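The structure appears right after this line, and notes come after that.
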Amino acid sequence: MNPLQRASLFRVIFHLLLPLAAATAHAGTAAAPERWSAHRAWEWYNSQPWLVGCNYLPSTAVNDVEMWRDETFDAKTIDRELSWARALGFNTVRVFLNFVVWEAEPERLKENFRHFLKIAHKHGILTLPILFDDCNFAGRVAVAEPQPHPVPGVHNSQWVSSPPLALVTNRAAWPRLERYVRDLVGTFGKDQRVVAWDLYNEPGNSGLAEQSLPLAEAAFAWARAAEPVQPLTMGAWADFQSPLSRRLMELSDVVSFHSYDGLEGLQAKHRVCREYGRPVWCTEWMARTLGSHFETHLPYLKLNQIGCWNWGLVAGRTQTYYPWGSPKDAPEPKLWFHDIFRADGTPYCATEVRFIKVTTGKLPTGGL
């Protein structure tokens, strides 16, 4: 074949393949899941009750690794404590999953999560799961092994990130992270007991800052590819004007944020979130020593129909009733930082519990 014939053959092949390539590219684009429209988000949101609940770990778990490992999954305690949550009028809980547990025993993690959903549903409680998390109070790498005991007096002393922080910026590890997201969202993405997906808790924490943004964006893409029926969110938590925070709000179906501030601080953050024209949730709040109280904040959250999850339900191995930065062997604080009940179900503050029940409608207004 001479050069002229070869060139002619290449042109014929090119023109034959061009329509197929274009069709393939168009199909890929058309199939790519997109962020919900604001109309769809509001339509979905208006079909929900006012979501009010807490961030939850059983009091017997020191972190989310211990919560979900098969050897330490404590269904009995979860059942008992979620009954207390429901008695408060709570209808939802936000729970942290952990990548290292999934990677070590994916089917057991999913079975335990399925069991958790069954227990929560029995109590009329919807679940908001979290897949990634940059918080690492323990300062060590998460492993799917027996966890250390809490350091006495120290707030959340054994909390570890998901995934280990080194994987956040290691693109070679991302196929493992993608399988994790696709597996969990693919398995539970049409489960009506899952209210939504909070894909990444506080991206950029533990000193990562903007380095976490690429993984945050990838998590949205992976989760959307699994085609869940629930909305996706990722909460702004620091400097709401930063590129990272803005991007999280731009990508979320329902905008969410964290606020451990006094009421004016929470209101200011809420105003920023409302700019996106979407429903708004506050997925972490309530720190008594910082001026974030049920009595001051819960009425505002209810009035504005802001779904809200305070930090903590039962004082336990996470020791989050101690404040951030509490030293080893610190005595129990007179004013608890987080949490509502002692491990035996006794309220930390009976009047506070009555206030919660009145606000959620579990007690009549005269109950105060």
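The values are calculated or read from the model by the stated rules, or taken from the named source; none is laboratory data. As the structure is a computational prediction, the values presented were derived from the model and not from experiment. Methodologically, a virtual Cβ is constructed for each residue, glycine included, from the backbone with ideal geometry; neighbour enumeration extends over all protein chains shown.
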Among (1) within 25 Å of Gly345 (Cα to Cα); (2) in contact (Cβ under 8 Å) with a residue 60 or more places away in the chain; (3) not hydrophobic (A, V, I, L, M, F, W, C), the one test that Gln305 misses
(1)
On the given criteria, is Leu117 in a loop (DSSP other than H, G, I, E, B) and within 16 Å of the chain's Cα centre (by Cα)?
no
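Can you find, within the range 264-291, the residue that is surrounded by the most Cβ atoms within 10 Å (Cβ to Cβ) among those that are of a type in the set (Gly, Ala, Ser) and more than 27 Å from Glu250 (Cα to Cα)?
First, pick out the residues of the range 264-291 that are of a type in the set (Gly, Ala, Ser): 265, 268, 277, 287, 291.
Now restrict to residues that are more than 27 Å from Glu250 (Cα to Cα): 287, 291.
Details: Ala287: 22, Gly291: 15.
Only one residue tops the list, namely Ala287.
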Of the residues that make up the range 25-35, is at least one modelled with pLDDT of 95 or more, in contact with an Asp or Glu (Cβ under 7 Å, 6 or more places away or on another chain), closer than 23 Å to Gly124 by Cα and surrounded by 11 or more Cβ atoms within 10 Å (Cβ to Cβ)?
no
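Being in contact (Cβ under 8 Å) with a residue 40 or more places away in the chain and within 23 Å of Tyr45 (Cβ to Cβ) is the filter here, so list the residues in the range 185-196 that pass it. Steps first, answer last, please.
First, pick out the residues of the range 185-196 that are in contact (Cβ under 8 Å) with a residue 40 or more places away in the chain: 185-189, 191, 193-196.
Within the range 185-196, Val185, Phe188, Gly189, Asp191, Arg193, Val194, Val195, Ala196 qualify.
For the range 273-289, check the following and say yes or no: at least one residue is within 24 Å of Val160 (Cβ to Cβ), touching a strand residue (DSSP E or B) at 6+ places or on another chain (Cβ under 6 Å) and small (Gly, Ala, Ser). Quick ask: steps written out before the conclusion?
First pass over the range 273-289, keeping only residues within 24 Å of Val160 (Cβ to Cβ): 283-287.
Subset that is touching a strand residue (DSSP E or B) at 6+ places or on another chain (Cβ under 6 Å): 283-286.
Filter again for small (Gly, Ala, Ser), leaving none.
No, the range 273-289 contains no residue that is within 24 Å of Val160 (Cβ to Cβ), touching a strand residue (DSSP E or B) at 6+ places or on another chain (Cβ under 6 Å) and small (Gly, Ala, Ser).
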Phe188 meets each of (1) crowded, with 22+ Cβ neighbours inside 10 Å; (2) touching a strand residue (DSSP E or B) at 6+ places or on another chain (Cβ under 6 Å) with one exception, condition (1)
Please work out which residue is nearest to Asn46 (Cα to Cα), limiting yourself to the range 281-317 and to residues that are of a type in the set (Val, Ile, Thr) and in contact with a Phe, Trp or Tyr (Cβ under 7 Å, 6 or more places away or on another chain).
Ile306
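Report whether or not Glu43 is in contact (Cβ under 8 Å) with a residue 24 or more places away in the chain and over 19 Å from the mean Cα position of the chain (by Cα). Walk me through it before giving the result.
Numbers: in contact (Cβ under 8 Å) with a residue 24 or more places away in the chain: no; over 19 Å from the mean Cα position of the chain (by Cα): yes.
Here the answer is no, as Glu43 does not meet what is asked.
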Per-region count, the range 266-281, residues among the aromatic types (Phe, Trp, Tyr) and more than 18 Å from Asn310 (Cα to Cα)
1
Go through the residues of the range 40-48 one by one and say whether even a single one is of a type in the set (A, V, I, L, M, F, W, C) and over 21 Å from Pro228 (Cβ atoms).
no
Output yes when any residue across the range 203-226 is farther than 19 Å from Pro175 by Cβ, surrounded by 22 or more Cβ atoms within 10 Å (Cβ to Cβ) and touching a residue at least 24 places away in the same chain (Cβ under 8 Å), and no when none is.
yes
Odd one out for Ala75 among (1) more than 27 Å from Leu167 (Cα to Cα); (2) touching a helix residue (DSSP H, G or I) at 6+ places or on another chain (Cβ under 7 Å); (3) surrounded by 15 or more Cβ atoms within 10 Å (Cβ to Cβ)
(3)
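Across the range 308-360, what is the number of residues that are free of Cβ contacts under 8 Å to residues at least 60 places away in the same chain and either among the hydrophobic types (A, V, I, L, M, F, W, C) or in contact with a helix residue (DSSP H, G or I) (Cβ under 7 Å, 6 or more places away or on another chain) (or both)? Even if it seems obvious, please write down each step before you answer.
Residues of the range 308-360 that are free of Cβ contacts under 8 Å to residues at least 60 places away in the same chain, as a first pass: 321, 332-336, 338-339, 342, 344, 346-352, 354, 358.
Now narrow it down to the ones that are either among the hydrophobic types (A, V, I, L, M, F, W, C) or in contact with a helix residue (DSSP H, G or I) (Cβ under 7 Å, 6 or more places away or on another chain) (or both): 335-336, 347, 349-350, 352, 354, 358.
Selection size over the range 308-360: 8.
So which residues in the range 82-114 are not in a helix (DSSP H, G or I) and not small (Gly, Ala, Ser)?
At the first step, the residues of the range 82-114 found to be not in a helix (DSSP H, G or I) are 88-98, 105.
Leu88, Phe90, Asn91, Thr92, Val93, Arg94, Val95, Phe96, Leu97, Asn98, Glu105, listed by residue number.
When residues of the range 316-325 are filtered for being small (Gly, Ala, Ser) and either in a strand (DSSP E or B) or surrounded by fewer than 22 Cβ atoms within 10 Å (Cβ to Cβ) (or both), how many remain?
Of all residues in the range 316-325, those small (Gly, Ala, Ser) come to 316, 325.
Now narrow it down to the ones that are either in a strand (DSSP E or B) or surrounded by fewer than 22 Cβ atoms within 10 Å (Cβ to Cβ) (or both): 325.
Within the range 316-325, residues that are small (Gly, Ala, Ser) and either in a strand (DSSP E or B) or surrounded by fewer than 22 Cβ atoms within 10 Å (Cβ to Cβ) (or both) number 1.
Restricting attention to the range 234-246, does a residue exist that is touching a residue at least 40 places away in the same chain (Cβ under 8 Å) and touching a Phe, Trp or Tyr at 6+ places or on another chain (Cβ under 8 Å)?
Keep residues of the range 234-246 that are touching a residue at least 40 places away in the same chain (Cβ under 8 Å), which gives 235, 237, 244.
Within this subset, residues satisfying the condition of being touching a Phe, Trp or Tyr at 6+ places or on another chain (Cβ under 8 Å) are 235, 237.
Yes, because at least one residue in the range 234-246 is touching a residue at least 40 places away in the same chain (Cβ under 8 Å) and touching a Phe, Trp or Tyr at 6+ places or on another chain (Cβ under 8 Å).
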When the range 44-67 is examined, which residues are found to be surrounded by fewer than 24 Cβ atoms within 10 Å (Cβ to Cβ) and among the aromatic types (Phe, Trp, Tyr)?
Trp44, Tyr45, Trp50
